[in-house]
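So the structure is just underneath, and the comments pick up after that.
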Amino acid sequence: MNRYIYGPTPGITEVLERVLDTLKPKSMLDLFCGSGALSKLAYIKNVEKIKAVDIYVEAAKKNLKKLKKVEIEEGDALKLDSRRYDLIVADPPEEEIKQVIRELREFKKKYVKAMVIWLGPYHKASKIIKTLSRDRKCIIVEAWGDAVGILWKKRGHKEAIEKALRNMQFI
Ligand SMILES: C[S@@+](CC[C@H](N)C(=O)[O-])C[C@H]1O[C@@H](n2cnc3c(N)ncnc32)[C@H](O)[C@@H]1O
């Protein structure tokens, strides 16, 4: 491994954990997987099929090698294959958050239940929050100083997510 890998922030980790607990997805796509920590969380929560994507996969391969049901793919997280997943989590670097938001229409075709997106440190995310809050099927929370967006498909999922995220600051 030739570079230092930053893990996920506590904000997206806690939001993802709560969403996993409430929606109980059977499959998850972990975009910008980095260390693989969010895939490992999904594995612990009994998600049956997990795919982890990053342009650098050395760390994920090392950290997830014992987890048979996790598929690791080296590639661009913004170029999706045709498969659908119950849940997508996207934890991009700050400089690629806008691109993820621009591609939301494509992402929406790929998740069945929900998508969790790291939107950056809350104090720097006001423009992204403004853009995303126009989406009627989106909840944004502040968690551990981060802004995290959760997109949902069905009303039942929205209610479950809101309940799961109780005690967090809704934006
Ligand atoms: C904030 S870190 C993700 C942390 C990760 N969630 C974890 O659990 O360790 C952002 C990651 O995005 C990756 N990355 C940056 N641009 C990418 C792209 N276009 N496609 C896939 N991965 C990308 C970086 O290599 C880095 O690992």
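The values are calculated or read from the model by the stated rules, or taken from the named source; none is laboratory data. Predicted, not measured: the structure shown is a model, and the values here were computed from it. Because the Cβ atoms are built from the backbone with ideal geometry, glycine has one as well, and the counts that use them run over all protein chains shown.
Annotations
- Only listed residue being closer than 22 Å to Trp152 by Cβ, in contact with a strand residue (DSSP E or B) (Cβ under 7 Å, 6 or more places away or on another chain) and modelled with pLDDT of 95 or more, chosen from Val57, Val47, Val70: Val47
- Selection within the range 15-59 - of a type in the set (Asp, Glu), surrounded by fewer than 19 Cβ atoms within 10 Å (Cβ to Cβ) and within 13 Å of the ligand (Cβ to nearest atom): Glu17, Glu58
- Inter-residue pairs, beta-carbon under 9 Å, first closer than 16 Å to Trp152 by Cβ and free of Cβ contacts under 8 Å to residues at least 24 places away in the same chain and in the range 16-36, second outside any helix (DSSP H, G or I) and acidic (Asp, Glu), 6+ apart: Lys24/Asp86
- Test: Leu16 is assigned to a helix (DSSP H, G or I) and under 24 Å from His123 (Cα atoms): yes
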